[in-house]
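Report on the structure given below.
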Amino acid sequence: MNFEWNATAEKDDPGEYLIRTTLDNVAEQHCFAKVALIGNYSPRKCGIATFTTDIAEKLAQFEPGVAVHVYALDDADGPLVYGGVHGSIDRESARDLAEAAYRINAHGYDAVWLQHEYGIFGGSDGEMILDFVDRIAAPLILTPHTVLATPSENQRRILARLVARASRIMVMSSHSRDLLAEHYDAPHTLLDIVPHGAPDRPFGRTHRFKQKMGLEDRTILMTFGLLSPGKGIEQVIEALPAIAERCPDVLYRIVGATHPNLLASQGEAYRDQLKALARKRGVSDNISWENRFLDTEELLDQLEACDIYVTPYCNLQQSTSGTLSYAVAMGKAVVSTPYLHARELLANDVGRLVAPDDASSIAQAVIDLLGNPQELLAMQQRAYRKGRETIWPRFAEGAARVIKRAIASKRGTAALDRAPNLAGVFGMSDGTGILQHSIGPVPDRRHGYCLDDNVRALMLMNVAAETSPRECASHTQAYASFVQHAWNEDLGCFRNFMNYDRTWCENSGSEDSNGRALWALGRTVADTRDEALRGWAKRCFCSALPNFSKYVSPRAVAFGILGACAYLKADPDHQASRELVERGAEKLMMLLHATRRPDWVWFEQSLAYDNPRLCQALVEAGPWLDRADMLEAGLSTLRWISRRQMSNTGQFRPIGSESFGKAHDSMPFDQQPLEAQAAIEASRSAFAATVDTTWLHTANAAWNWFFGANDRGVTLADLGSGLCRDGINPRGINQNCGAESILAFHLSYHSMLALRRAQERDSGRAFDEAGHTAQAGRAIAHI
């Protein structure tokens, strides 16, 4: 992959690199959007390359508020030299595509605009693009250049996946819009029609350009494009004898090189067949061949010299033709088969539609127009008026509108002067406990309850001081009762899932749910203001503790360590808790040593949920055990995961659930509130251990994520209602408000509040190297 800002460029000429980067940054400060544009690009010779080049050039010319960085798709076997691009990507390399996604994310674009055609990406039907879009964090704008009504199963799968990832979809015809909505589940609210752009040239200069080309004595028909079967050129050649009989000076100009793929496989055999057909029909003198790819300006000059532009395409599903748009905008009479783009653009007698694969229809339409100069002129004038709707300033305006609709515009923050309303929690709760899920803001009873959410709710009640003691006590009783009832004495473990009718779905819950229960009991021992409840929590904690040593899940181990560290705050001499902390921390250290490598400072070969809890457990265990190595391991891994969860603009970007289980990889979606809570609370523990203000910034970024400082600029949490949405997906927000998300928000608030108090209390405290560990232990005990 070739990126112009990479380390090599900086090393080769640091002065030039600095100047260029500075100028780019200054220019971008005046832009409302910075967009990564991906597709084929000039000098590649194809329609999509021309279109992508036009997007970049016309936005720069007519919409300077949009800064466009082009990433050109390239071939390793035949790389091209691109000018004015930000990088090139090997279309056939999965590694190159993944690296490009990483670089694009790091560059902090407001949107990524992808040109899609099945043949321009690697893999079967171009399926390698899917992994690329899965890695993109910025809103994705999709322009599908081919929308098939009857695709293969793989083609349907690919486009449907792209549609599902897109924040906006820009098409160039209403038919494509309707197909995407009906067959690919694209919401109409995400679909924007922006007709293919076209040049703005004066009307009526045909004779001048004929003279320029030495064609002033001829009547010119023209077809332009890469030559290949399916363009219908045979039908025009078949029609020429009848046309030439009525208009002997007619010249059919076939302009364009043979398609590169066809040229590679068959050479010029197809062109030779067409020439043979012309000789057979006796019209060789009525045809001229321009066997080369024209740049845009020369193509426009050639178009200006024609009287009638002909697009006899056989594929009636073709939704876009750039040259058709050009011809109409320049006021040319058009004779065309009724493919999708032609039917829309040539409606209302803007052009003449003829039957496909029917030479006689073509001949009759051309003869009628040439035999009636007034009608020919009137059609040309109608076409020119229609073209004013698609000239480049209008296209750039429409494209900028799509970009504005796609980009995340909010960058929110929230103060800590008001606690979230506990009504959001209590509204999900009843006499049994807190329900798991919701539909929108309304609890969904079908999914019942789970231990995970009820122990989180119990932890919240321990620290929530903003409600009346009576109300708090009532709900605390319900959550504690659920935990108590979840205990399976026979198996020595907690159950997790309960139906709405209070029947258990299982006899034993997962290791993680049991670890989380132990954590909540330890926090209750440390945090509750009710001595009777503290006594109950101690008994439950000690009952669950003996079986904990058999757990192997890293998160269960981490939750258990956090629970035992909390218990030690209330009872520093509790030997069983200290032993649990020691055994568990050693397990995490062994995992870290087994999987750690220079670029992967982590406990597992893949990332999952609640990742910072593993670091937090070591950060809290180290001081209790007087193990500086454990503390440092916790801090180093927390720094590593924090960097992976932070964009280069300082915005929190949690590991998405789509990453779970993927070795040494991470995807940006779906982002969930639980991850923000874990980042905040781990940062709180790290700050207590180090008084390093870096952790305050990390926690603040995760807190602001709830309020719009995220990849989609959406607000998930509401202080007034106390509700929190379930997360962020590629299109925006998940509207449901489940218990896990609501509790993550509330617990995050209280951790942020405690962190602020700790900062105020410890702002004047200084640490030297020798006293660091002992003071850190005291600091953690405080918060």
Problem - Test item: Cα-centred dipole of region 97-200, Lys/Arg +1 and Asp/Glu -1 on Cβ, debye - result: 160
Practice task
Using only C-alpha atoms and all pairs of different ones, pull out the Kirkwood radius for region 445-508 in Å with one decimal.
Solution key: 12.5
Handout entry: Residue among Thr524, Leu114, Ser636 farthest towards the positive dipole end of the chain, charges placed on Cβ
Key = Thr524
Fill in the blank from the handout: Among the Cα-Cα pairs of the chain, the proportion with separation greater than 38 Å, in percent, is 51
Practice task
State in Å² the accessible area per residue of the chain; use a 1.4 Å probe, count heavy atoms of protein chains only, and round to the nearest integer.
Solution key: 40
Fill in the blank from the handout: Semi-axes in Å, largest first, for region 148-232 (Cα gyration tensor, √(5λ)) are 40, 18, 9
Practice task
Starting from the amide H of Trp487, placed 1.01 Å from N in the peptide plane, find each other amide H under 5 Å away whose residue is 5 or more places distant or on another chain.
Solution key: Arg495
Completion exercise
Computed over all unlike Cα pairs, the Kirkwood hydrodynamic radius of region 271-353 in Å stands at 14.2
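About the Cα centre, and with charges only on the beta carbon of Lys, Arg (+1) and Asp, Glu (-1), how big is the dipole of region 304-362? Nearest 20 debye, please.
Value, rounded to 20: 80 debye.
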Completion exercise
From the Cα centre of region 306-370 to that of region 140-218, the distance in Å is 16
Exercise for the section: Enumerate the aspartates and glutamates that Lys386 could reach by cross-link, defined here as Cα to Cα under 16 Å, with residues fewer than 8 away along the same chain left out. Expected result: Asp200, Glu344, Asp349
Problem - Rounded accessible area of Met752 (nearest 10 Å², 1.4 Å probe) - result: 10
Exercise for the section: Tell me, rounded to the nearest percent, the portion of alpha carbon pairs in region 623-762 spaced more than 22 Å apart. Expected result: 39
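Taking 32 Å as the cut-off for C-alpha to C-alpha distance, list the pairs among Lys231/Lys404; Lys34/Lys231; Lys332/Lys404; Lys34/Lys212; Lys587/Lys662 that go past it.
Violating the 32 Å limit, Cα to Cα: Lys231/Lys404; Lys34/Lys231; Lys332/Lys404; Lys34/Lys212.
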Problem - Once the Cα gyration tensor of region 49-142 is diagonalised, semi-axes √(5λ) in Å - result: 21, 16, 12
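Considering only the other residues whose Cβ falls under 12 Å of the Cβ of Cys737, what net charge follows from Lys and Arg at +1 and Asp and Glu at -1?
-3
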Fill in the blank from the handout: In nm², the average projected area of the convex hull spanned by the Cα atoms of region 477-601 is 9.0
Exercise for the section: Calculate the tail of P(r) for region 163-320: the fraction of all Cα-Cα distances greater than 28 Å, expressed in %. Expected result: 37
Exercise for the section: With +1 on each Lys and Arg Cβ and -1 on each Asp and Glu Cβ, and nothing else charged, work out how big the dipole of the chain is about its Cα centre, in Debye to the nearest 20. Expected result: 1080
Handout entry: Accessible area, probe 1.4 Å, largest first, for residues Asp629, Asp512
Key = Asp629, Asp512
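The values are calculated or read from the model by the stated rules, or taken from the named source; none is laboratory data. Everything quoted here is computed from the prediction, not taken from an experiment. Here Cβ is always computed from backbone atoms with ideal geometry, including for glycine, and neighbour counts include all displayed protein chains. The accessibility values were calculated without ligands, DNA or RNA, using every heavy atom of the protein model including side chains. Shrake-Rupley method; radii C 1.70, N 1.55, O 1.52, S 1.80 Å.
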